[in-house]
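The values are calculated or read from the model by the stated rules, or taken from the named source; none is laboratory data. Predicted model, so just to flag it, every value in this text is computed and none were measured. Using ideal geometry, Cβ is built from the backbone for each residue, glycine included, and neighbour counts are taken over all protein chains shown. SASA here: full protein model, heavy atoms, side chains in, ligands and nucleic acids out. Shrake-Rupley method; radii C 1.70, N 1.55, O 1.52, S 1.80 Å.
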Amino acid sequence: MHPIHRVRSRVATVSVAALLSASLAACGSLGGGSGGSDEASSGGDGTITFWHYYGEPHNIPLEKVLEAYDEDHDEIEVDARHIPFDDFNRTLQQAATADELPDIALINAFDTQAMAEAGIIEDLSGRVEEWGEQDAYYPTSWETTQVDGATYGVPHVADDYAVYYNKDLLDAAGLQPPRTWEEMESTAARLAGDVKYGLAVAGGEGAEGATGLVLRTLAAGGSIEEFGSDAGVEALRSFKTMVDNGGLSKGFLTWSEEDAKNHFATGQAAMMINSATYVSILHEEVPDLSWDIAPMPSEETSKTFLSAENLTIGAGSGDADAAWDLITHLQRPDVLTEYLPARNKLPARSDVPGAVEDPVRQKFADQLEDAWAPEGDLATHSNEAFTLVQEALQATVSGSSSPEEAAQTAQSGIDEALSGS
């Protein structure tokens, strides 16, 4: 960790990894989940407790912006606490049971509904209405804060996915970035003849490994709620085709997004599907690499996938007014202009041009106008659903199931998760 002046930074040592959807029901009767709780006023001790799951180096830009706020507010001390991502939701649930929730929790955007329904975070509708800046946000980002017509958070940052491609390799092969998934299959195979991998994408165990397949399913006009339909089967067949024709290594089933970046950065992969997180990293690590990005390939449509986080106020916060002031400070365009490039993320609002001066990052930002994100019950159970999708991918690529069988197995699990069973 990097301690910074008066902002106190602590690391949690709780070691639990169960999903939020399996653990929040026990605290559903806690206060703060119903409308009107956002009117609670500060009467606390002047310390804003701020919980987040940013490990190094991602915590450094956050702690710097918290430090700057702290130095400008003599009456406030920000107590920042890092909790590992796998432990974060369960730790919040435990804190709710003990009535020890933080003033601010920086949460995965797709957990907002579950946390609101469990009474872990406060309804901010009244504060947002008075603030009046909700229309500045990209629609999909703002939608992640909505639960039954009420607002339970403010978007913090955004991210989405595109196709990175090595310009030199595509030029040498006389190829253009693929515009359709059929072109992706053939282009990846052609480029694999020149380098080790035509395409690199995360496919490892868990939700992250489902991202490419989710994007392929959306492009076919499908949805994750109905993954067992023709679109899900088509997506599985497409990835099996790329493995069979050599464009995609079977080893991608063990790769993370970081692994995909490493293969691309070292020239082993001609293309990769990844998020805007890696724009600055590639500039720093391989400044001589000639690369650009292209939108996700289309089929019925072209969709990118929103990755997002929301700033929320813990239920029953004794410093709710001070917490709200810090949240709105963090969303000031001038603050975001400085913070976001260092954080390697995109703005969740459209009025922060200074944060995307890099033309490549601007291309990512432009996609946020029509990005996809899980909503409703799917958002609550997104980790579980995406994990099932990744398992279908693994079964298809390994040959243990046909695409049709794998899609139906995933569908059964998704139906069970969404039904609340």
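Key figures
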| quantity | calculated |
| --- | --- |
| Looking only at region 259-274, and only at residues there that are open to solvent by 10 Å² or more (accessible area, probe 1.4 Å) and among the polar types (S, T, N, Q), the one that is farthest from A395 (Cα to Cα) | T266 |
| Subset tally (residues that are outside any helix (DSSP H, G or I) and small (G, A, S)) for region 73-106 | 3 |
| Candidates S229, S256, S223, S280, filtered to the one that is farther than 30 Å from S412 by Cβ, of a type outside the set (F, W, Y) and surrounded by fewer than 24 Cβ atoms within 10 Å (Cβ to Cβ) | S280 |
| Within region 143-155, considering residues that are touching a helix residue (DSSP H, G or I) at 6+ places or on another chain (Cβ under 7 Å) and in contact (Cβ under 8 Å) with a residue 40 or more places away in the chain, the one surrounded by the fewest Cβ atoms within 10 Å (Cβ to Cβ) | A150 |
| Residue within region 317-328 that is over 30 Å from E63 (Cβ atoms), in contact with a helix residue (DSSP H, G or I) (Cβ under 6 Å, 6 or more places away or on another chain) and touching a residue at least 12 places away in the same chain (Cβ under 8 Å) present | no |
| Conditions (1) within 14 Å of the chain's Cα centre (by Cα); (2) crowded, with 24+ Cβ neighbours inside 10 Å; (3) farther than 25 Å from A200 by Cβ; number of the one not met by A379 | (2) |
| Number of positions in region 115-142 that are modelled with pLDDT of 95 or more, more than 13 Å from L311 (Cα to Cα) and either in contact with a His (Cβ under 9 Å, 6 or more places away or on another chain) or assigned to a helix (DSSP H, G or I) (or both) | 9 |
| Count of region 307-318 residues which are of a type outside the set (S, T, N, Q) and at pLDDT 95 or above | 5 |
| Helices (runs of 4 or more DSSP H) contained in region 191-285 and holding at least 1 residues farther than 23 Å from E300 by Cα | 230-244, 257-265, 278-285 |
| Close pairs (6 angstrom Cβ cut-off, 6 or more residues apart or separate chains): over 15 Å from E143 (Cβ atoms) and of a type in the set (D, E, K, R) in region 103-131, in a helix (DSSP H, G or I) and modelled with pLDDT of 95 or more anywhere | D103/A323; R127/W324 |
| Matching entry among D160, D194 (being open to solvent by 30 Å² or more (accessible area, probe 1.4 Å), in contact (Cβ under 8 Å) with a residue 40 or more places away in the chain, under 30 Å from F252 (Cβ atoms) and touching a helix residue (DSSP H, G or I) at 6+ places or on another chain (Cβ under 7 Å)) | D194 |
| Test for T187: is it at pLDDT below 95 and not in a strand (DSSP E or B) | no |
| Criterion (touching a Leu at 6+ places or on another chain (Cβ under 7 Å), farther than 30 Å from N344 by Cβ and touching a residue at least 40 places away in the same chain (Cβ under 8 Å)) met by exactly one of A385, A373, A392 | A392 |
| Selected residue [in a helix (DSSP H, G or I) and at pLDDT 95 or above] from V397, V360 | V397 |
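Residues checked against (1) among the acidic types (D, E); (2) open to solvent by 10 Å² or more (accessible area, probe 1.4 Å):
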| residue | (1), (2) |
| --- | --- |
| D171 | yes, yes |
| Q176 | no, yes |
| R179 | no, yes |
| R190 | no, yes |
| G198 | no, no |
| V201 | no, no |
